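Below: one structure, written as structure tokens.
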Amino acid sequence: MSTITARGSRLGSRTDSASERRSNRRGLIIVACAVVLLLAGTIVLNLLAPPQNNEPYSSSNPDPDGGRAAAQILGEHGVSVQEVTTTQAVLDAAGPGGTLLITDPGALREAQQEALRDVPSDIVLTNLDFGSLEDLTDEITATGGGAVGTYAAECTDEHAAAAGEIVTSGPGVLVGEDAEGCFPIGDDDAGTSYAFATWTVGDQRWYAMPNGFPLTNEGLPQAGNAALVLRILGQHDRLTWYVPDPADQFGIDSEAGPPPVIPPAVWWFGALLALAVVLWRGRHLGRVVVEPLPVVVRATETIRGRGRLYRRARAFGHAGAALRAGTVRRLAQRTGLPRTAQPYEVVDALARASGRRPEEIDSLLYGPPPTDDSTLLTLTHALDTLEGEVHRS
């Protein structure tokens, strides 16, 4: 009797183990199928959804600071619009009989500017933001000034004359001997500042619109903005729309390695599947062990390191732009302005908060970049004083 009972117990144990294994296999299959269905659904939705992002001046950005309205209108009139984010993609896409739009040329490094200078397309520059353009062109120089308003063409360029008037603001540009300036927005000791400029280099036609507001979804319908933007961007049937990616490594490592044998998407899918298995079997794992980080880097160390790099490179303009951008971001939050606020909105809000004249605020936040240690230090103190005045209000 005891022998039969023992055999029955062993048989029951083996049956339970087999049943548990089958249950585990079914569970693993269900999890794997769920992951595959989730991945397939994500891919289908991404393919069906119209492309869009929130990058300022992007041709697929539907927000007020995007450029999708201009891109769609151009597409409806037979212009093929291709947005790219790297310099190499520009060199591959742009060619003779086309137009190249660069939305932030001041953010490009020397190697990028030198490469783009020789692209055999007509070139349109916008959103200059006081960055250096000396390796791209020496016909214009970004300058401050120019409150928001409606400005008349006052030049002979056919596109500017067709627009008649545009609504924009500073920054503007000072033009060289071979360039023609349109839509004057202010005068100072350096000369007249223009909201639009054009010049010719060989067979290549250049245009500069230092403030990108007329290109945006918000600015395009105002006054003659649409006429000017659509005429200079729609002259050819191919438009390369370049929104620079700060992570672009063009010119830094010219010896690129061979493409990966296994595509990144396969690794991503494998990692997702492995995570699902780990979560499913997680009940068999022990508790998580927390260990302290081996090194803690203080924020001040990072700030000082970046400051030393700027100083070593004598990048006074970039340092000043970073200081101004940080000040505008903090004060915009303080005064309740949105991230998409235009320069004239920032100037008006800070003038009310600090009690200063709008012209003084405009010159401080959007004036010429510093050129040495002394002017950079003066700018730093002035920005700090402005923040203190706004915070006390």
Problem set entry | Which numbered condition A160 fails, given (1) modelled with pLDDT under 95; (2) small (G, A, S); (3) surrounded by 21 or more Cβ atoms within 10 Å (Cβ to Cβ) | (1)
Exercise. Taking the stretch 188-210, which residues are in contact (Cβ under 8 Å) with a residue 24 or more places away in the chain and either open to solvent by less than 10 Å² (accessible area, probe 1.4 Å) or of a type in the set (F, W, Y) (or both)?
Worked result: S193, A195, F196, A197, T198, W199, W206, Y207, A208, M209, P210
Exercise. What strands (runs of 3 or more DSSP E), lying completely within the stretch 97-150, carry at least 3 residues that are at pLDDT 90 or above and touching a Leu at 6+ places or on another chain (Cβ under 8 Å)?
Worked result: 99-102, 122-126
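Looking only at the stretch 60-92, which residues are surrounded by fewer than 19 Cβ atoms within 10 Å (Cβ to Cβ) and part of a helix (DSSP H, G or I)? Explain how you work it out, then say what you get.
Step one: of the stretch 60-92, the residues surrounded by fewer than 19 Cβ atoms within 10 Å (Cβ to Cβ) are 62-64, 72-73, 75-78, 80, 82, 85-86, 88-89, 91-92.
Q72, I73, G75, E76, Q88, A89, L91, D92, listed by residue number.
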For this session: All but one of (1) of a type in the set (S, T, N, Q); (2) open to solvent by 40 Å² or more (accessible area, probe 1.4 Å); (3) not in a loop (DSSP other than H, G, I, E, B) hold for T327, so report the exception by its number.
Result: (2)
For this session: Can you give me the number of residues within the stretch 216-236 that are closer than 17 Å to R205 by Cβ and either open to solvent by 60 Å² or more (accessible area, probe 1.4 Å) or not in a helix (DSSP H, G or I) (or both)?
Result: 4
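The values are calculated or read from the model by the stated rules, or taken from the named source; none is laboratory data. From a predicted model like this one, the values you see are computed outputs, not experimental measurements. Every residue, glycine among them, receives a Cβ derived from its backbone with ideal geometry; neighbour counts consider all protein chains shown. Just so you know, the surface numbers come from the protein's heavy atoms only, side chains and all, with ligands and any DNA or RNA stripped out. Shrake-Rupley method; radii C 1.70, N 1.55, O 1.52, S 1.80 Å.
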